[in-house]
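Reviewing the structure listed below.
Nothing in this text is a laboratory measurement; each read-out follows from the coordinates by a stated rule. Keep in mind it's a predicted model, so treat the numbers as computed, not measured. Backbone-built Cβ (ideal geometry, glycine too); neighbour counts: all protein chains shown.
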Amino acid sequence: MTKKQLKITLLPNGEVKMETIGIKGEKCLDYIPFMEKLGDLKIVKKEFTEEYYETEVTNITNESDNVEIQDFNY
């Protein structure tokens, strides 16, 4: 499982760029209010990375039955 991260970059022109890493699909949008509050900012532009279009897969293994379940979070 990939570690979830928030990358913050301060650009020379004064803009702040924030990027989620390791958060797949639309779940990254849940972090917008947090990012706005963290930087006392208003998000004015969103750009989606490849991760936005990916699906997060959660593997759960039940060793007693030797069954593996994959939960595709959409």
### Task
Could you please rank 46, 3, placing first whichever residue has the fewest other Cβ atoms within 10 Å of its Cβ?
3, 46
### Anchor residue 46: lysines whose Cα lies under 18 Å away (excluding residues fewer than 8 positions away in-chain)
7, 17, 24, 27, 37
### Query
For segment 3-40, which GluC sites (Glu not before Pro) are both in a DSSP coil and crowded by at most 15 other Cβ atoms within 10 Å?
15
